[in-house]
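A short write-up of the structure that comes next.
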Amino acid sequence: METRGIMGGLYRICEWIMRISVTNILWLLCSAPFFFCFVMMLVMANSNFMNEVLQMKWLMGILAPFTLFPATAAMFSVTRKWVMGDVDAKLIKTFFSSFKANYKQAMLGGIFYTILSVIMYAGYTIYMTEMQSMQVLGIVVLAMLVVLLASLFNFFSIIAHYHATTLQVIKNSIFMTIFRPIRVVVSGIVSVAILFIGLKYPVIIIFAAGSLIAYLSFFNFYLTYQKLQQAVEAREAAES
């Protein structure tokens, strides 16, 4: 029997808190090596251990494709269920089955994104500090880096939503970011806001931040995806 009234509303709120918290904790646990290095980097930065900070950054870059990317893809698969209306999907089963099924693709994508991000950031730094006569190129590289990082919202959403080769997933992620940027921008702004609040209240990072960002990102992706599908169907109908 469905509970109605105030008690029913409280019950549904508690259910959503549980879903968001469990998924977020699973994500953090599966990404634990990456986040451990991240925390250590912050601690060392405050203590002015610059060489150790650099080492932690390199270690984070190495660990990200093998931990953070597969865990994030699994989290997006869970939030996809919610957006698609299957709010009662088993959280742990869905997360780990998606983690296993998408691990290789998320890892390969993670390697691509990590290497290209490092190259672009290094290029930006060189242009802005050592080749000041070419700072315009530095700004262009920075803009490309922003687009690349923003396309991660679509990258994880596409992995969660349908099957495609890794190259196709990356290509479609970047194209959707460039040609359909509005909802990606919205996802980025809200994500930054959630993380900013999380810096003041760390409990949000532990129990909610990742899941909320994934849910919002897939929601925006799905709206864009539906519009693209409708446009394709309308064109095919016109041609026939």
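No lab work stands behind these numbers, since they all come straight from the coordinates. Every value quoted in this text rests on a predicted model; they were computed, and no experiment measured them. Virtual Cβ from ideal backbone geometry, glycine too; neighbours counted across all protein chains shown.
Of note:
- For the chain, complete DSSP H runs whose alpha carbons reach 18 Å or more along their own long axis and whose mean Kyte-Doolittle score is 1.6 or higher are 32-46, 135-161, 181-200.
- Placing unit charges on the Cβ atoms of the charged side chains and taking the dipole of segment 50-161 about its Cα centre, the candidate lying farthest along the positive direction among PHE99, LEU68, ILE126 is PHE99.
- Calculated log₁₀ intensity ratio I(q)/I(0) where the Debye formula runs over C-alpha points of segment 9-89, q = 0.27 Å⁻¹: -1.16
- In a DSSP loop and with at most 14 other Cβ atoms within 10 Å, the trypsin sites (Lys or Arg not before Pro) in segment 24-129 are LYS90.
- With the simple model of a label 7 Å out from the Cα in the direction of the Cβ, MET84 to CYS14 spans 2.9 nm.
- Centre-to-centre, using Cα atoms only, segment 79-122 and segment 23-50 are separated by 19 Å.
- Note on segment 161-240: the alpha carbon radius of gyration divided by the globular reference 2.2 N^0.38 Å gives 1.39.
- DSSP-assigned coil residues among chymotrypsin sites (Phe, Trp or Tyr not before Pro) in segment 156-240, each with at most 13 further Cβ atoms within 10 Å: TYR162
- Debye, to nearest 20: dipole size of segment 105-240, +1 on Lys, Arg Cβ, -1 on Asp, Glu Cβ: 220 debye
- Projecting the Cα positions of VAL184, ILE204, LEU152 onto the charge dipole of segment 132-240 (unit charges on Cβ atoms of Lys, Arg, Asp and Glu, taken about the Cα centre) puts ILE204 furthest along the positive direction.
- Those lysines that a straight Cα-Cα span of less than 20 Å connects to LYS93, excepting residues fewer than 8 apart in one chain: LYS81, LYS104
- Pairwise label distance in nanometres, MET131 with SER47, each label 7 Å out on the Cα-Cβ vector: 3.8 nm
- Charge dipole (debye, nearest 20) of the chain; +1 at Cβ of Lys and Arg, -1 at Cβ of Asp and Glu: 320 debye
- Label assignment, Cα extents along the principal axes in Å derived from the structure, set (1) 57, 37, 30; (2) 49, 46, 39; (3) 67, 56, 31: (3)
- Linear extension gain, TYR162 paired with ILE25, 0.36 nm per residue minus alpha-carbon span: 46.8 nm
- Kirkwood-based Rg to Rh ratio, segment 52-100, C-alpha trace: 1.20
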